[in-house]
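Worksheet: one structure, shown below.
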């Protein structure tokens, strides 16, 4: 069942959202629904994580560490 939702946003943000909508070919409703789905998934994952892992989540998001870097680290550690 679909229901109507009214949002109040800054004009600039609305323009950005409409540009993104046109570029992606998705309606604003679909974009917002997708975002809420991501939030729901994130809430489910967060619930299953320990407090320490929750605190660390996302800390390497913009880091330039690759899987190869990790393998090299492990090789050096265990030699």
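The values are calculated or read from the model by the stated rules, or taken from the named source; none is laboratory data. Since we're looking at a predicted model, the values are computed, not measured. For neighbour counting, all protein chains shown are included, and Cβ atoms are generated from backbone atoms with ideal geometry for every residue, glycine included.
Would you pick out the residues in the range 44-69 that are surrounded by 10 or more Cβ atoms within 10 Å (Cβ to Cβ), in a helix (DSSP H, G or I) and under 18 Å from the mean Cα position of the chain (by Cα)?
Once the filter is applied, which keeps residues that are surrounded by 10 or more Cβ atoms within 10 Å (Cβ to Cβ), in a helix (DSSP H, G or I) and under 18 Å from the mean Cα position of the chain (by Cα), the range 44-69 yields 45, 46, 53, 54, 55, 56.
Hey, does the range 6-21 have a residue that's modelled with pLDDT of 90 or more, assigned to a helix (DSSP H, G or I) and exposed (fewer than 10 other Cβ atoms within 10 Å of the Cβ)?
yes
Among the numbered criteria (1) over 18 Å from the mean Cα position of the chain (by Cα); (2) loosely packed, with under 10 Cβ neighbours inside 10 Å, which single criterion is violated by residue 72?
(2)
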